[in-house]
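Report on the structure given below.
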Amino acid sequence: MSKGPSPILLVEDDENDVFFLKYAFEAAGIANPVQVVEDGQQAIDYLAGNGIYQDRARHPFPCLVLLDLKLPVRMGLDVLRWIRKQPALQSLLVIVLSSSADARDVEESYRLGARSFLVKPLTVNQRLELARAIKSYWLEINQFPTGG
């Protein structure tokens, strides 16, 4: 039995953003399931396999993390900082997906190891275009590291 594609971990607290991004992914034909956590601490727990995320059959390790910066409990930059301190997660692909285009957020995200920084699209067409770009580049053209 072959397992399906690895999930994408979406770290996003705005339920409208979650809904519209999932819709755009589906419309773009992205087969990877989307696992959603709503705050930075849940993201860390998911990646570490702590608590309710211990069961990797229900919560498989993601191939890609889409990380919002403005989050409850722990901010996105805190999550990035934590990820980069974990030897087993050094090659994990993290894309920041934020409503902020603040130069300091962009600079700090890359300094902490984000592989890309994307500003959340506002329209349905822009979301679909973003989903298609993620599918084409990150899920089809890109070569994933074997560890993680």
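Numbers at a glance
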item	result
Centre separation in Å (Cα based) which lies between segment 47-84 and segment 107-148	16
Cα gyration tensor category, rounded, prolate or oblate, for segment 3-67 with a/c compared to 1.5	oblate
Computed magnitude of the charge dipole of segment 8-140 (debye, nearest 20; Cβ of K, R +1, Cβ of D, E -1)	440
Under the Karplus curve 6.51 cos²θ - 1.76 cosθ + 1.60, θ = phi - 60°, whole-Hz ³J(HN,Hα) for segment 31-38, x wherever Gly or Pro sits	7, 5, x, 10, 9, 10, 10, 9
Per-residue ³J(HN,Hα) for segment 79-88, Karplus 6.51 cos²θ - 1.76 cosθ + 1.60, θ = phi - 60°, Hz, x for Gly and Pro	5, 4, 4, 5, 4, 6, 8, 9, x, 6
Ellipticity estimate at 222 nm from DSSP helix runs (n ≥ 4, -39,500 (n - 2.57)) divided over the chain, nearest 500	-10000 deg cm²/dmol
Amide H within-cut-off set for Leu118, under 5 Å, with H built and near neighbours excluded	Val96, Leu97, Ser98
Hz values of 3J(HN,Hα) by residue in segment 63-75 - Karplus curve (6.51, -1.76, 1.60), Gly and Pro given as x	8, 7, 10, 9, 10, 6, 8, 8, 10, x, 6, 9, 6
Over the chain: Kirkwood hydrodynamic radius from C-alpha pairwise inverse distances, Å	15.4
Selection from Val65, Asn125, Tyr137 lying farthest towards where the dipole of the chain points positive, charges on Cβ	Tyr137
Amide H contacts under 5 Å for Leu10, placed H, 5+ residues apart	Gln35, Val36, Val37, Leu66
Stretchable slack from Phe19 to Arg115, in nm (0.36 nm times residue separation minus alpha-carbon distance)	32.2 nm
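Any read-out appearing in this document is the output of simple, stated calculations on the displayed coordinates, not a laboratory observation. Everything numeric in this text was worked out from a predicted model, so none of it was measured. When we count neighbours, we look across all protein chains shown, and the Cβ atoms used for this are built from the backbone with ideal geometry, even at glycine.
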